[in-house]
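Report on the structure given below.
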Amino acid sequence: MRRVEVVCTGNICRSPIGEVVLRAKLADAGVDDVVVTSSGTSGWHIGDPMDSRAAASLARRGYDGSAHRAQEFRSSWFPERDLVLAMDSGHLSALLRRGGDGIAVPVSLFADIDVPDPYYGEDAGFDDVLTQIETAADLWVERLAK
């Protein structure tokens, strides 16, 4: 079983959206040997559900994020993951610092450009982020299906 971790700041907006979408798209493609989880670079929201606006955006497109509970990424997880996907370049830098020179797992951006943080914006920002994540997830499904 391969393990993919999706990471943002507090694990209540972008990374749980990425987790839910990537998991659903992998299942739709018949890829059943990948476990997708998500976490944050901070512990601010440990144990909290995803932001209600993120959950609502997912629900409008047929996804269910209700089971999500926020957690903080731990450096000790690197050896247990096959791929770590950061939502923006700040998360990518934080993850690379945590892993030091000995990271044996690929750490990459989730999308080809930073996924913006919708937390402080309007509800529509969550839909925009979801669209960007869905597009990027399609590419990851292609890569992981091989």
How high is the relative contact order of the chain? Use alpha-carbon pairs under 8 Å, at least six apart in sequence, and give a whole percent. 29
Once amide H atoms are placed 1.01 Å from N in the peptide plane, what residues at a sequence separation of 5 or more from residue 38, or on another chain, have their amide H within under 5 Å of its amide H? 6
Per-residue SASA entry for residue 127, accessible area with 1.4 Å probe, Å² rounded to 10: 40
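Taking all protein chains as present, what is the carbon and sulfur share of the accessible area of the chain, in % to the nearest whole number, probe 1.4 Å? Could you put the intermediate results ahead of the total?
On the way: 3590 of 7110 Å².
Carbon and sulfur together cover 51 percent of it.
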Could you tell me which label, among (1) 17.9; (2) 14.9; (3) 18.9, carries the value of Kirkwood radius over Cα pairs in Å calculated for this structure? (2)
Write out the trypsin sites (Lys or Arg not before Pro) in region 23-74 meeting two conditions: DSSP loop, and at most 16 other Cβ atoms within 10 Å of their Cβ. 61, 69, 74
Heavy atoms only, probe 1.4 angstrom, no DNA, RNA or ligands counted: give me 63, 120 ranked by accessible area, highest first. 120, 63
Ignoring ligands and nucleic acids, what accessible area does residue 113 show with a 1.4 Å probe (Å², nearest 10)? 100
Between residue 59 and residue 75, what is the spin-label point distance in nm, taking each point 7 Å from the Cα along the Cα→C-beta axis? 4.0
Springs between alpha-carbon atoms under 10 Å, Gaussian network over the chain: tell me which of 106, 118, 49 tops the mean-square fluctuations. 106
log10 I(q)/I(0), Debye, Cα-only region 13-97, no solvent, q = 0.13 Å⁻¹? -0.44
Can you give the FRET efficiency for residue 29 and residue 101, using 1/(1 + (r/R0)^6), R0 = 30 Å, r = Cβ-Cβ distance, to the nearest 0.05? 0.30
Any chance you could check the Cα centroid distance between region 120-146 and region 10-36 for me, in angstrom? 10
Is the shape of region 1-42 best called rounded, prolate or oblate, per the rule: a/c under 1.5 gives rounded, else a/b larger than b/c gives prolate, else oblate, with a ≥ b ≥ c the square roots of the Cα gyration tensor eigenvalues? oblate
Treating only the Cβ of Lys, Arg, Asp and Glu as charged (+1, +1, -1, -1), what charge dipole size does the chain show about its Cα centre? Round to the nearest 20 debye. 400
Taking the Cα atoms of region 83-146 alone, what are Rg (to one decimal) and Dmax (as a whole number) in Å? 13.4, 40
Rounded to whole Å², per residue accessible area for the chain with a 1.4 Å probe reads 49
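The values are calculated or read from the model by the stated rules, or taken from the named source; none is laboratory data. Model, not experiment: these values are computed from the prediction. Neighbour counts run over all protein chains shown; Cβ positions are idealised from the backbone, glycine included. Please note that ligands, DNA and RNA were not included when accessible areas were found on the heavy atoms of the full protein model with its side chains. Shrake-Rupley method; radii C 1.70, N 1.55, O 1.52, S 1.80 Å.
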